[in-house]
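Participant: Dropping the structure in here first, questions after.
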Amino acid sequence: SVLDVSENAESRHSYEQWEWSGSSVIRFRFDQPTRFKALVSQARARRERSVTGSGHTLAMTAAASGMSPVAALSHRFGGLEGIRFIKQLDDANNGDNGAQSIAEMAQGLSEIHAQVVASPRRYMMTAESDKLDSLVKQFENVWVPETSDDAFKAFSLEKKHQQVKQMWVANTQVNFCAKAFPTVPMDHDDAAALSVLGGFLRNGYLHTSIREKGGAYGGGATHDSDNASFRFFSYRDPRLEETLDDFDVSIRWLLEEKHEWRMVEEAILGVVGSIDKPGSPAGEAKDAFYSELYGRTPERRQSFRQRVLEVSLQDLQRVGETYLKPEQASIVVISNQNVGQRCRDLGLEVKSL
């Protein structure tokens, strides 16, 4: 997860590439410690810059990291924990034992590469119909036959369910706030209502309270069916405690106030629009391929879409009361060190990137 050499022009010395029968063949190299050191430094700079641009996403990922093993892995790979790891790795590579650190990293990547090459695989190709047969023949000549499943040790994750309450210190003058609640996956009957609830709370309460009145660049709520979590967030927010309170107030607003059907309908159309959003032919082929690998069949997607269309206001209030209980919330804030004591007073563990 640290090095992505496929699309990075600066990293092409880390692999060899040549043409064979019109096809590009790549052989990765693990014998260039200087390049590995440079790539880690580049990755660190890129990831550190991402905090101020994607802080709300990082905060939500961290807040949901205790709700499922996949969410925890996302936090470790692409989240705040991943940023901290790449910084530690870069510091080790530039320290007194830098040569040893780089050698160990190269060895580890080489072993991972060997596991990937030996693992079972499936292929997908998108091409014009008149060129497909020719491309398939070239493809078969380049790639080795599929390895037996017995040669690959299955990857598995331990179950995970715990509350997270953290404040991450970063180089920022504004705050990124997130709250997350454990919910249900896509196939559950309540998943459709939870997806609609995100747009309902955002349009009806959170946008006005957090952005227009609170001064944040943005704020809202969303349901993540993949990780079974409902997440509130604010983006580039001058407030902290007040925004966290607004997340809870929006739930009370949902349960106690009277609401027009028009607001529910708008939220439903927003979810349906995201489901029906068209893509490029190649992009839709890729999505269909990966969805099938994980059992996300067109029938399953259509069933979810139909359930979304049937959501009522009573459904939104029911799932809000069932799942969005303040005592079950996980909280993550990204801010600067000056608010550390305030976050400790909120019961948050202060962590440094």
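Participant: Exactly which GluC sites (Glu not before Pro) in the stretch 101-133 are in a DSSP loop and have at most 15 other Cβ atoms within 10 Å?
Facilitator: Of the GluC sites (Glu not before Pro), the ones in loops of the stretch 101-133 whose Cβ has at most 15 other Cβ atoms within 10 Å are Glu128.
Participant: Tell me, what is the 1.4 Å probe accessible area of Val271, in Å² to the nearest 10?
Facilitator: 20 Å²
Participant: Given the options Ser110, Ser209, Ser74, which has the most mean-square fluctuation in a GNM of the chain, springs set between C-alpha atoms less than 10 angstrom apart?
Facilitator: Ser110
Participant: Okay, next question. Would you tell me the accessible area of Asp248, worked out with a 1.4 angstrom probe on the heavy atoms of the protein chains, in Å² to the nearest 10?
Facilitator: 30 Å²
Participant: How large, in percent, is the carbon and sulfur part of the accessible surface of the chain at a probe radius of 1.4 Å?
Facilitator: 49 percent
Participant: Here is a follow-up. For Phe181, what charge total do you get from the other residues with a beta carbon under 14 Å from its beta carbon, if Lys and Arg give +1 and Asp and Glu give -1?
Facilitator: Result for the local shell: -1.
Participant: Using +1 at the C-beta of Lys and Arg and -1 at the C-beta of Asp and Glu, which of Phe176, Leu255, Gln138 has the Cα lying farthest in the positive direction of the dipole of the chain?
Facilitator: Phe176
Participant: Here is a follow-up. Put Lys165, Lys258, Lys137, Lys351 in order of accessible area, largest first, 1.4 Å probe: what do you get?
Facilitator: If we order Lys165, Lys258, Lys137, Lys351 from most to least accessible, we get Lys258, Lys137, Lys165, Lys351.
Participant: Would you mind getting me the FRET efficiency between Glu257 and Gln306? Use the beta-carbon distance for r and R0 = 22 Å, nearest 0.05.
Facilitator: 0.20
Participant: Might you report the magnitude of the Cβ-based charge dipole of the stretch 87-220 about its Cα centre, with Lys and Arg at +1 and Asp and Glu at -1, to the nearest 20 debye?
Facilitator: It works out to roughly 780 debye.
Participant: Please report the accessible area of Tyr217 (heavy atoms, 1.4 Å probe, ligands and nucleic acids excluded) in Å², nearest 10.
Facilitator: Surface open to solvent at Tyr217 totals about 140 Å².
Participant: Take Gln328 and His207, extend 7 Å from each Cα along the Cα→Cβ direction, and tell me the distance between the two endpoints in nm.
Facilitator: 2.8 nm
Participant: Let me ask you something else. Quick one: ranking Ile331, Ile83 by accessible area, 1.4 Å probe, largest first, what do you get?
Facilitator: Largest accessible area first, the residues go Ile331, Ile83.
Participant: Here's another thing I want to ask about it. What value, in deg cm²/dmol to 500, does the helix sum -39500 (n - 2.57) over DSSP H runs of n ≥ 4 give at 222 nm once divided by the residues of the chain?
Facilitator: One gets -16000 deg cm²/dmol as the mean residue ellipticity at 222 nm.
Participant: Given a Förster radius of 25 Å and the C-beta distance between Glu349 and Leu157 as r, what FRET efficiency does 1/(1 + (r/R0)^6) yield to the nearest 0.05?
Facilitator: Once rounded, the FRET efficiency stands at 0.60.
Participant: May I ask you to compute the full-extension gain from Gln173 to Arg122, defined as 0.36 nm times their residue separation minus their alpha-carbon distance, rounded to one decimal in nm?
Facilitator: Length gained between Gln173 and Arg122: 13.7 nm.
Participant: Additional query: By how many nm would the segment from Ala114 to Ala99 lengthen if fully extended, with 0.36 nm per residue of separation less the alpha-carbon distance?
Facilitator: 3.1 nm
Participant: While we're looking at this one, here's another question. Determine the gain in length on full extension of the stretch Phe139-Glu241; use 0.36 nm per residue of separation and subtract their C-alpha separation, reporting nm with one decimal.
Facilitator: Length difference between fully extended and current span is 31.0 nm.
Participant: I've got another one for you. Among (1) 21.2; (2) 17.0; (3) 22.2, find the value of mean projected area of the Cα convex hull in nm² that was calculated from the structure presented, and write down its label.
Facilitator: Of the labelled values, this structure produces (1).
Participant: Can you sort Met105, Met167, Met125 by solvent-accessible area, 1.4 Å probe, largest first?
Facilitator: Met125, Met105, Met167
Participant: Still on this structure: Quick one: among Thr322, Thr208, Thr172, which has the greatest mean-square fluctuation in a GNM of the chain with alpha-carbon springs under 10 angstrom?
Facilitator: Residue with maximal mean-square fluctuation among Thr322, Thr208, Thr172: Thr322.
The values are calculated or read from the model by the stated rules, or taken from the named source; none is laboratory data. This one's a predicted model, so the numbers in the text were calculated from it and none came from an experiment. Positions of Cβ are generated from backbone atoms using ideal geometry, with glycine treated the same way; all protein chains shown enter the neighbour counts. Just the protein is used for accessible areas: all its heavy atoms, side chains included, with ligands, DNA and RNA removed. Shrake-Rupley method; radii C 1.70, N 1.55, O 1.52, S 1.80 Å.
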